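Every read-out reported here was derived from the displayed coordinates using simple, explicitly stated rules and does not represent laboratory data. Just so it is clear, the structure is predicted and the values come from calculations on it, not from any experiment. Counting neighbours? That spans all protein chains shown, and the Cβs are built from the backbone with ideal geometry, glycine included.
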Amino acid sequence: MRIAVLDDYQGVALSSADWSPVTSRVDSAGTGETCPVDVFRDHVSEPAALIERLAPYDAVVVMRERTPLPAAVLGRLPRLRLVVTTGRRNSSIDLDAAASAGITVCGTESRATAPAELTWALVLGLARHLVTEATAVRTGGWQTTVGTDLAGRTLGLLGLGRIGSQVAAVGRAFGMDVVAWSPHLTDERAAAAGARAVALDDLLADSHVVSIHLVLGESTRGLLSHRELGLMRLDALLVNTSRGPIIDEPALLAALERGHLGGVGLDVFDEEPLPADHPLRTAPRTLLTPHLGYVTEDVYATFFAGVVDDIVAYLDGTPIRVL
């Protein structure tokens with residue numbers, strides 16, 4: 001089996017786990033061949049170029065949703081038999097097309113702590129103008145802004161699952177009033193996480209900080225558009241560490257341009273990597289990070305150990321964590 005690991009930007013895939021159960025494995029047919037693993041650190045998104053790159057491989061490892069695998073790509077990879085994605089789900093893989101082509105798709109375990117921690121890095125960075133003030137110190141300046149307090153303010157969470165619940169706990173520790181909304185959130189589930197369930201419009205209108213922790217789907221795509229952003233406080237902070245398309249990007253840019261919203265922290269975008277000329281890169285009152293929510297040592301160790309387990313299990317004929 002020849003294996004490709006895609007989008008290893010930092011070049012750490014092979015050092016984040018012990019790959020020897022894969023790389024030292026000898027072909028059961030008795031040829032003496034082992035399983036080579038090729039790592040690609042660059043990103044290829046154009047379908048024809050991606051198909052050309054993946055054509056020689058029996059298995060492909062994808063990092064989250066960095067490289068989509070739609071039907072048009074999967075259908076032109078006759079050698080491909082296994083796709084392993086890091087994480088428990090991957091909406092950019094066409095699972096029906098994979099099944100039709102006889103391709104097994106597996107996932108791995110993940111950790112909710114890392115994106116919750118990054119959420120608060122963005123909130124605090126916006127509230128205390130950390131980039132502006134750090135830049136000022138390095139260039140000879142001193143105290144150029146006035147920060148925003150979090151204690152006593154309202155934290156609105158869109159989504160109160162594994163990650164949202166951890167963000168809620170930190171908000172309470174800061175002395176914030178925590179409210180939440182999701183399509184199926186009940187009063188009981190909200191209370192168990194230390195929050196109050198409220199209507200979406202009320203959350204947007206009343207919250208000083210709004211943080212997104214929803215799964216991207218048809219009901220959440222473009223959830224925050226012109227109307228919804230217009231409901232938010234002029235000084236509200238908006239943070240998204242979930243999925244870019246949950247916020248309507250043109251609507252967000254329009255709101256920032258007209259002076260609405262006190263600050264926006266984004267770790268996710270409609271197109272990733274974010275194009276060099278994208279208007280968000282120069283939009284006012286923004287703090288942007290390159291989808292770092294899950295990019296930590298512990299998460300990568302969990303991801304790639306799971307990848308190795310999935311490949312070995314597939315070779316043994318007992319696939320695990322099949323999506």
Legend entry - Per-selection metrics, the chain (Cα): Rg and Dmax in Å: 21.8, 70
Inset, instruction - Set the Förster radius R0 to 35 Å, insert the Cβ-Cβ distance between Thr289 and Ala199 as r into 1/(1 + (r/R0)^6), and round the FRET efficiency to 0.05. - result: 0.70
Legend entry - Amide H contacts of Val210 (H built 1.01 Å from N, under 5 Å, at least 5 apart or other chain): Gly156, Leu237, Leu238, Val239
Inset, instruction - Take the Cα radius of gyration of region 186-276 and divide it by 2.2 N^0.38 Å, with N its residue count; two decimals is plenty. - result: 1.11
Inset, instruction - Just need log10 I(q)/I(0) for region 113-288 at q = 0.13, 0.14, 0.17 Å⁻¹, Debye formula, equal scatterers on the alpha-carbon atoms, no solvent, rounded to two decimals. - result: -0.61, -0.71, -1.05
Legend entry - Paramagnetic reach from Arg25 (point 7 Å along Cα→Cβ, amide N under 14 Å) across region 63-82: 81-82
Inset, instruction - Please find the FRET efficiency linking Val312 to His184, where r is the Cβ-Cβ separation and R0 is fixed at 35 Å, and quote it to the nearest 0.05. - result: 0.40
Legend entry - Gain in span if fully extended, Gln10 to Val215, counting 0.36 nm per residue against the direct Cα distance: 71.2 nm
Inset, instruction - List the residues whose amide H sits under 5 Å from the amide H of Leu69, counting only those 5 or more places along or on another chain, with H placed 1.01 Å from N in the peptide plane. - result: Ile93, Asp94
Inset, instruction - As a check on your grasp of the helix formula, calculate [θ] at 222 nm for the chain: sum -39500 (n - 2.57) over DSSP H runs of n ≥ 4, divide by the residue count, round to the nearest 500. - result: -9000 deg cm²/dmol
Legend entry - Euclidean distance of C-alpha centroids, region 242-294 and region 83-97, integer Å: 25 Å
Inset, instruction - Would you mind telling me the antiparallel percentage of the DSSP bridges in the chain, rounded to 5? - result: 5 percent
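In which sequence would Tyr294, Tyr9 go, from the one with the fewest C-beta neighbours within 10 Å to the one with the most?
Tyr9, Tyr294
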Inset, instruction - Give the residue from Thr86, Leu6, Gly156 lying farthest towards the positive end of the charge dipole for the chain; charges sit on Cβ (+1 for Lys and Arg, -1 for Asp and Glu) and the dipole is referred to the Cα centre. - result: Gly156
Inset, instruction - May I ask for the equivalent-ellipsoid semi-axes of region 62-149, computed as the square root of five times each C-alpha gyration tensor eigenvalue and listed largest first in whole Å? - result: 45, 14, 10
Legend entry - In degrees, nearest ten, helix 297-315 long axis to first principal axis of the chain (Cα): 30 degrees
Inset, instruction - Using only Cα atoms, tell me the angle between helix 113-127 and the longest principal axis of the chain; keep it within 0 to 90° and round to the nearest 10. - result: 30 degrees
Legend entry - Table column - 3J(HN,Hα) (Hz), region 138-145, Karplus curve with 6.51, -1.76, 1.60, x for Gly and Pro: 5, 9, x, x, 7, 6, 10, 9
Legend entry - Where GluC sites (Glu not before Pro) fall in DSSP loop in region 183-286, at most 13 other Cβ within 10 Å: Glu218, Glu271
Inset, instruction - Multiply the residue gap between Thr296 and Arg76 by 0.36 nm, knock off their C-alpha separation, and tell me the result in nm, one decimal place. - result: 75.8 nm
Legend entry - Paramagnetic label zone (point 7 Å from Cα along Cα-to-C-beta, Ala169; backbone N under 16 Å) in region 188-213: 190-195
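Between Asp96 and Arg2, what length comes free when the chain is fully extended (0.36 nm per residue of separation minus the Cα-Cα distance, one decimal in nm)?
Length gained, Asp96 through Arg2: 31.5 nm.
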Inset, instruction - Taking H placed 1.01 Å from N in the peptide plane, check which residues at least 5 places from Ala4 or on another chain put their amide H under 5 Å from its amide H. - result: Asp38, Ala59, Val60, Val61
Inset, instruction - Run the quick spin-label model on Glu133 and Val146: label points 7 Å from Cα toward the beta carbon, then report their separation in nm to one decimal. - result: 1.4 nm
